[in-house]
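Below: the structure, in structure tokens.
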């Protein structure tokens, strides 16, 4: 069950506020409340119909919310909630307690548990985090607390949510901090094993330390990232594409602060004032087929971009998976501060 506070608005709110509330969540719904009492719901479809009727952003929501929404109760079994939602064609259920007070919202996708997956997940947690010092003087960067828990714990829980249970942590700097906190994964109901980098091997080189033959697609992710990407969708995409290696990418925009002049010889053909350039950048999450591991040299520094370029040069099928979900690479103190301020909105489960 997810928190309802960030998608809740009062009865005299404007349509603009309802849109903002819907945009804050992933469930295409806003809840109209009076304290802890649920008055109704507004969906993006309700708002579209309101606009077709001539209403504007500053009109009140009072006349357009559904005052008799489908709801669930916290004492209902999860299976019953799933059947209720499926029977009525909805993906979310406001949840009430025994006194009909709003306590949260249940999202159908959360109720439909992902099947267990034995695909290995390798989390790269051995970095020095030098750009974040003094925060990382006594603790490895993946153990920095964002929200209420270490970055690495949020990553682990995100994978567990999609059924993954077979993990390797590649560790080096202050590795005892990570081992003491996570152990062998008992507390999380998964198996965690450790790849001990006695020297820096890079994001691909560390995979040469895997102790056993891998016979399934494996996911590799940097341990200083926060994202709510659907890892199940990523793995399915990789399989359907019959890709040898898939890289998650993120759109990055760079605005040129000047007017850009395009020429043909001495003749000016076009002037674009402060244009925005768009690129896809490496998001630090990868899916590899087992045979790719044979290309990784033993005990040699080797980074993922080197591996992918090698695969491209050899005409292997290398695919991109664009991430549109929340994604934050915590490399600088400002990134750390931003991640803390955004955590509750991005990770509300």
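Tell me which residues, restricted to the range 209-237, are part of a helix (DSSP H, G or I), touching a residue at least 12 places away in the same chain (Cβ under 8 Å) and within 17 Å of the chain's Cα centre (by Cα). Steps first, please.
If we filter the range 209-237 for residues that are part of a helix (DSSP H, G or I), which is where we start, we get 209, 231-237.
Keeping just the survivors that are touching a residue at least 12 places away in the same chain (Cβ under 8 Å) gives 209, 231-232, 234-235, 237.
Across the range 209-237, the qualifying residues are 231, 232, 234, 235, 237.
Can you tell me which residues in the range 306-327 are more than 22 Å from residue 232 (Cβ to Cβ), exposed (fewer than 13 other Cβ atoms within 10 Å of the Cβ) and either under 26 Å from the mean Cα position of the chain (by Cα) or at pLDDT below 90 (or both)?
309, the sole residue that qualifies.
Which fully enclosed strands (runs of 3 or more DSSP E) of the range 254-349 have 1 or more residues being closer than 20 Å to residue 142 by Cα and touching a residue at least 24 places away in the same chain (Cβ under 8 Å)? Before the answer, list the steps.
Values: elements: 259-264, 267-273, 276-288, 318-322, 327-329.
Counting at least 1 such residues, we get 276-288, 327-329.
Hey, can you tell me all the residues within the range 20-53 that are modelled with pLDDT of 90 or more and either surrounded by fewer than 15 Cβ atoms within 10 Å (Cβ to Cβ) or not assigned by TED's automatic domain parsing to the domain that holds residue 100 (or both)?
Selection gives 37 alone.
List pairs: first in the range 126-137 and in the same structural domain as residue 332 (by TED's automatic domain parsing), second modelled with pLDDT under 75 and assigned to a loop (DSSP other than H, G, I, E, B), Cβ under 7 Å, 6+ apart or cross-chain?
Pairs found: 136/129.
Taking the conditions exactly as written (modelled with pLDDT of 90 or more, assigned by TED's automatic domain parsing to the domain that holds residue 321 and under 30 Å from residue 159 (Cβ atoms)), does residue 222 satisfy them or not?
On the way: modelled with pLDDT of 90 or more: yes; assigned by TED's automatic domain parsing to the domain that holds residue 321: yes; under 30 Å from residue 159 (Cβ atoms): yes.
The answer is yes for residue 222.
Looking at this structure, is residue 219 in contact with a helix residue (DSSP H, G or I) (Cβ under 7 Å, 6 or more places away or on another chain) and over 29 Å from residue 345 (Cβ atoms)?
Details: in contact with a helix residue (DSSP H, G or I) (Cβ under 7 Å, 6 or more places away or on another chain): yes; over 29 Å from residue 345 (Cβ atoms): no.
Spelling it out, it is not the case that residue 219 is in contact with a helix residue (DSSP H, G or I) (Cβ under 7 Å, 6 or more places away or on another chain) and over 29 Å from residue 345 (Cβ atoms).
Mind checking which residues of the range 68-80 are surrounded by 10 or more Cβ atoms within 10 Å (Cβ to Cβ), at pLDDT 85 or above and in a loop (DSSP other than H, G, I, E, B)?
Residues of the range 68-80 surrounded by 10 or more Cβ atoms within 10 Å (Cβ to Cβ): 69-74, 76, 78, 80.
Filter once more, keeping what is at pLDDT 85 or above: 69-73.
Correct list: 69, 70, 71.
The values are calculated or read from the model by the stated rules, or taken from the named source; none is laboratory data. What you see is a predicted model, and the numbers here were worked out from it, not measured in a lab. For neighbour counting, all protein chains shown are included, and Cβ atoms are generated from backbone atoms with ideal geometry for every residue, glycine included.
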